[in-house]
Amino acid sequence: MKILTVTLIAGIMLEQTGVSVAATSENSAARDVAAAKSFAFGGIGVAGLMSEGERNLRAVLERPDASQQLQTALSHATPAGKLYILVGLRQCDRAAYQKVFDSLARPNEDVEVARGCMISREPFRQLLSEVQDGRFDDYLSQPPW
């Protein structure tokens, strides 16, 4: 009961300051995508669950302004977040994707990646090449489970 009350009070306070609760929840998925600590598509872990990053990206892609939200989130994204954002832009706005891809810095750092039950660190540049090749496109065209 207290949690519900706090949420309701927070929503009222946000609306009083001119920020709608709906806008806040819309942007929170894009912020969560940008903050991703690891990059994973498809079933991961022993249970084969969808990663939080993929779930958040799917939530953003359901929005009519998905491209704008993803482009806005890019400026403060982690390396894993940048990869998710690129996959999302590739899905919803190819022109924006290409523009971002062409201008994106390509650091030499590694990114934590989950593939099935395996967690590893892979070079950002290698993963960027996989995004460019469309390797992750099919995951988003399949219905969530």
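Can you give the FRET efficiency for Asp138 and Cys117, using 1/(1 + (r/R0)^6), R0 = 22 Å, r = Cβ-Cβ distance, to the nearest 0.05? Before the final figure, lay out the partial values.
Working: r = 20 Å, r/R0 = 0.92.
Efficiency at R0 = 22 Å is approximately 0.65.
Please say if region 49-130 is rounded, prolate or oblate, where rounded means a/c under 1.5 for a ≥ b ≥ c the square roots of the C-alpha gyration tensor eigenvalues, and otherwise the choice is prolate for a/b larger than b/c and oblate otherwise? Write down the numbers at each step before the final one.
Values: a/c = 2.09, a/b = 1.23, b/c = 1.70.
Since a/c reaches 1.5 but b/c is at least a/b, the shape of region 49-130 is classed as oblate.
Every number in this text was worked out from the coordinates using simple rules, so none of it is lab data. Treat the numbers as computed from the prediction; the structure is a model and nothing was measured. Cβ atoms come from the backbone with ideal geometry, glycine included; neighbour counts cover every protein chain shown.
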